[in-house]
Amino acid sequence: MIRCIDITKDYAIHRGRRRVLDHVSFDLERGQKLGVLGRNGAGKSTLIRIIGGVEMPTAGEIQRNMTTSWPLAFGGAFQGSLSGIDNLRFICRIYDLDYLETRAFVDDFAELGRQLGEPVKTYSSGMRARLAFALTIAIEFECYLIDEVIMVGDSRFTRRCKEELFEKRADRSIILVSHDMNFISEVCDSAAVISNSHFHVCDTVPEAIAFHERN
Amino acid sequence: MQSLRQLFMLQGRVIWALMMRELHTRYGRENIGYLWMVGEPIMFCAGVAIVWTSIRAPYEHGLPMTAFVITGYVPLTMWRHCVGRAVKAFEANGGLLFHRQVTPLDLIASRVVLEVVGSLIAGALVMFGAMLLGFMDPPQDLGLIYVGLAYHIAFCLACALLIAALSERSDLLEKVISVFMYLSLPISGAFTMVSWIPEHYRWILLLSPSVQDCEMIRGGEFGPQSHPIFSYTYTASVTGVLLLIGLSLTLRSRRFIVVN
């Protein structure tokens with residue numbers, strides 16, 4: 001289970017501070033798939049980064065009783081100047097994974113071919129997403145944090161993502177941030193909306209979508 | 001949950017991974033690659049040793065010039081590289097903190113290990129070279145050299161931790177650090193021995209742990225006739241306090257680092 005207790009996040013702005021998240025509390029159960037909705041800048045990515053441990057909350061606490069992935073998003077996780085292979089090696093070393101096995105999985109999933117030997121900064125956003133996704137699921141986390149990234153790929157990539165994540169790893173927890181309502185209602189079993197820095201947990205996914213659209 | 005031993009092994013793996021990554025980004029895989037880690041300080045040490053040996057008197061205050069330069073430059077390069085690499089280290093490598101097991105302390109530790117190992121290997125090679133060519137005599141007391149180096153490594157780590165944490169919090173520090181490093185050369189101990197200056201002023205030099213470390217290293221190379229002046233307890237306590245402050249600031253710096 002992941003438990004967020006009174007997470008509050010303030011950002012310093014030109015004059016004073018802006019509260020992005022205000023006393024966010026919720027539990028994520030094992031196997032739960034939570035969709036997070038909200039308008040641009042509502043704090044969805046911030047919340048997912050705080051849960052992933054990339055950002056520190058201004059106040060509050062996260063209790064993680066599951067191994068949790070890093071936030072799978074457009075940026076982060078990679079060193080642009082290093083090649084895909086060197087990034088892969090680094091991740092294998094810090095997560096204690098077998099290099100050859102992981103390499104084979106990433107080759108098969110990301111389908112980057114020779115491009116894997118080139119610096120990551122030369123990749124297109126779709127290629128970067130494929131590599132990031134392949135590396136994240138190569139590590140068997142109990143909870144995956146996904147920030148939009150599946151949606152950048154082509155239909156083949158989206159299909160394979162669904163297959164790997166929602167079929168083969170159906171027992172894992174997922175927090176998914178997306179603007180794609182169809183996708184959320186297809187894969188999530190619960191949903192919440194962030195609006196005016198408050199976190200509203202809804203009973204069902206359609207209810208959350210309705211709430212989000214009224215906003 | 002994880003035992004303490006597993007946690008230490010995890011951090012060991014992280015530091016190792018960071019070192020390999022740093023070697024790749026800094027030197028790439030072209031020509032001699034990793035070997036530049038040693039090649040760079042060798043060129044510096046050997047270059048300075050050759051220039052000083054050829055343009056200055058063969059002896060200064062009764063000490064042979066080549067050995068004097070090498071015993072001073074190795075600790076100096078080690079310190080300069082450690083501090084130089086620590087400035088804004090968190091900003092430059094912030095992306096790595098994306099992975100929860102990577103901590104600010106790991107970032108500094110990996111860089112310090114690389115710089116220390118690089119300058120030690122370079123120092124040893126230059127020393128052997130100078131000895132083979134007859135410009136330097138073997139050390140009188142190898143043990144004292146090791147003690148001095150150990151103290152100096154601890155001092156370099158402490159400075160790197162302090163500078164990394166402080167430069168993250170203040171942009172001013174980042175701007176004045178190169179001036180500070182240059183002005184601190186006289187109290188680095190690289191160019192003088194304490195016994196060369198009037199007794200009245202010696203205490204000023206002896207305040208600096210770096211000077212004390214150099215005295216130990218030179219005492220080991222030249223033996224008692226070089227009149228090294230140092231105190232184990234003073235150096236240990238000052239270095240220890242600096243290390244504690246540096247550690248505490250670094251461990252608390254995570255909150256100030258913005259990861260993109």
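Can you tell me which residue in segment A:136-163 is most open to solvent (accessible area, probe 1.4 Å), limited to those that are touching a residue at least 40 places away in the same chain (Cβ under 8 Å), assigned to a helix (DSSP H, G or I) and among the aliphatic types (A, V, I, L, M)? Result: A:VAL152.
Within segment A:87-101, being open to solvent by 20 Å² or more (accessible area, probe 1.4 Å) and facing chain B (nearest Cβ under 9 Å) holds for A:ARG89, A:ARG93, A:TYR95, A:ASP96.
Residue-level analysis places B:SER110 outside the set of residues that are without any contact (Cβ under 8 Å) to a residue 40 or more places away in the chain and hydroxyl-bearing (Ser, Thr, Tyr). Can you tell me which residue in segment B:226-260 is farthest from the chain's Cα centre (by Cα), limited to those that are within 16 Å of B:ILE145 (Cβ to Cβ) and not aromatic (Phe, Trp, Tyr)? Within segment B:226-260, the match that is farthest from the chain's Cα centre (by Cα) is B:SER226. When you check A:VAL177 against the structure, is it touching a residue at least 12 places away in the same chain (Cβ under 8 Å) and within 13 Å of the chain's Cα centre (by Cα), yes or no? The answer is yes for A:VAL177. Within segment B:80-106, being assigned to a helix (DSSP H, G or I) and in contact with a helix residue (DSSP H, G or I) (Cβ under 6 Å, 6 or more places away or on another chain) holds for B:HIS81, B:CYS82, B:VAL83, B:ARG85, B:ALA86, B:ALA89, B:PHE90, B:PRO104, B:LEU105, B:ASP106.
For the residues A:PHE166, A:PHE133, the requirement of being surrounded by 14 or more Cβ atoms within 10 Å (Cβ to Cβ), farther than 23 Å from A:GLY41 by Cβ and touching a strand residue (DSSP E or B) at 6+ places or on another chain (Cβ under 7 Å) singles out A:PHE133. Residue count for segment B:16-59, restricted to those that are polar (S, T, N, Q) and at positive phi: 1. Of the residues making up segment B:163-217, just one is without any contact (Cβ under 8 Å) to a residue 12 or more places away in the chain, under 19 Å from B:HIS227 (Cβ atoms) and of a type in the set (Asp, Glu), namely B:GLU199.
For (1) more than 14 Å from every other protein chain (Cβ to nearest Cβ); (2) part of a helix (DSSP H, G or I); (3) charged (D, E, K, R), each residue gets a yes or a no:
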| position | (1), (2), (3) |
| --- | --- |
| B:GLU215 | yes, yes, yes |
| B:GLY220 | yes, yes, no |
| B:PHE230 | yes, no, no |
| B:TYR234 | yes, yes, no |
| B:VAL238 | yes, yes, no |
| B:LEU243 | yes, yes, no |
| B:VAL258 | no, no, no |
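Just one of (1) under 15 Å from A:PHE90 (Cβ atoms); (2) open to solvent by 40 Å² or more (accessible area, probe 1.4 Å); (3) touching a residue at least 40 places away in the same chain (Cβ under 8 Å) fails for B:ILE42. It is (1).
Scanning segment A:197-215 for residues that are out of contact with any Ser or Thr (no Cβ under 8 Å at 6 or more places or on another chain), in contact (Cβ under 8 Å) with a residue 60 or more places away in the chain and part of a loop (DSSP other than H, G, I, E, B) yields one hit, A:SER197.
Residue-level analysis places A:LEU112 outside the set of residues that are in contact with a Leu (Cβ under 8 Å, 6 or more places away or on another chain), more than 10 Å from every other protein chain (Cβ to nearest Cβ) and buried (at least 21 other Cβ atoms within 10 Å of the Cβ).
For segment B:132-139, does any single residue satisfy the condition of being free of Cβ contacts under 8 Å to residues at least 12 places away in the same chain, under 27 Å from B:PHE230 (Cβ atoms) and away from every other protein chain (no Cβ under 14 Å)? Yes, that holds for at least one residue.
The values are calculated or read from the model by the stated rules, or taken from the named source; none is laboratory data. Small disclaimer: the values here were computed from a predicted structure and weren't measured. Heads up, the Cβs are rebuilt from the backbone with ideal geometry, glycines too, and the neighbour counts pull from every protein chain shown. Only protein heavy atoms, including side chains, enter the accessible area calculation; ligands, DNA and RNA are left aside. Shrake-Rupley method; radii C 1.70, N 1.55, O 1.52, S 1.80 Å.
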